[in-house]
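Take a look at the structure set out below.
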Amino acid sequence: MDHMQKNELLLTQLILMFQTAAMQHLGKIKNPITDKIERDLPQAQISIDMLDMLREKMKGNLTEPETHIINSVVQDLKLNFVDEKAKETAPAPSGADAAEKTAQ
């Protein structure tokens, strides 16, 4: 493996590390240490902001595959964040509404 390939692999791993952290904080995947779903939106926002900052700072210096992966990861995380944030402000369903959704 040459130096360029190694750096591309390391960058991909870094991106995926931040993605995994954000997904855990969004409550989308279990925390492997506690084996529980944990939600911490401010921490998720930090991971998303870090990836967004890296994307801006590296603009023009990435290969096409690197650009594609960071763009899609950031876009996916932002959409998931908006989805989770909306759940915070949405009114809790009443008992009848919840039972109707469960029945469907």
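Laboratory data are not the source of any read-out in this text; all were calculated from the coordinates shown. Note that the structure is predicted; figures quoted are calculated from it, not measured. Cβ coordinates were reconstructed from backbone atoms using ideal geometry, including for glycine residues, and neighbour counts include every protein chain displayed.
Secondary-structure-derived ellipticity at 222 nm for the chain, considering helices only, amounts to -25000 deg cm²/dmol, per-run term -39500 (n - 2.57) for DSSP H runs with n ≥ 4. Applying D = kT/(6 pi eta Rh) to the stretch 41-86, where Rh is the Kirkwood radius over alpha-carbon pairs, T corresponds to 4 °C and eta to 1.567 mPa s, the Stokes-Einstein value obtained is 117 µm²/s.
What is the set of long-range amide H partners of N31 at a cut-off below 5 Å, with H atoms built 1.01 Å from backbone N? Distant-sequence amide H within range of N31: K36, I37, E38. One entry in (i) 43, 16, 11; (ii) 25, 17, 14; (iii) 34, 15, 12 is semi-axes √(5λ) of the Cα gyration tensor in Å calculated from the shown coordinates; its label is (iii). Estimated from the Cβ-Cβ distance and a Förster radius of 35 angstrom, the FRET efficiency linking K36 and K59 is about 0.40. To make sure I understand the rule: partners must be aspartates and glutamates, Cα under 20 Å from the Cα of K57, and not fewer than 8 residues away in the same chain. Which ones qualify? K57 reaches E8, D49, E66, D76.
Give the lysines whose C-alpha is closer than 29 Å to that of K59, dropping any in the same chain fewer than 8 places away, or say none. Cross-link targets: K6, K28, K78, K85.
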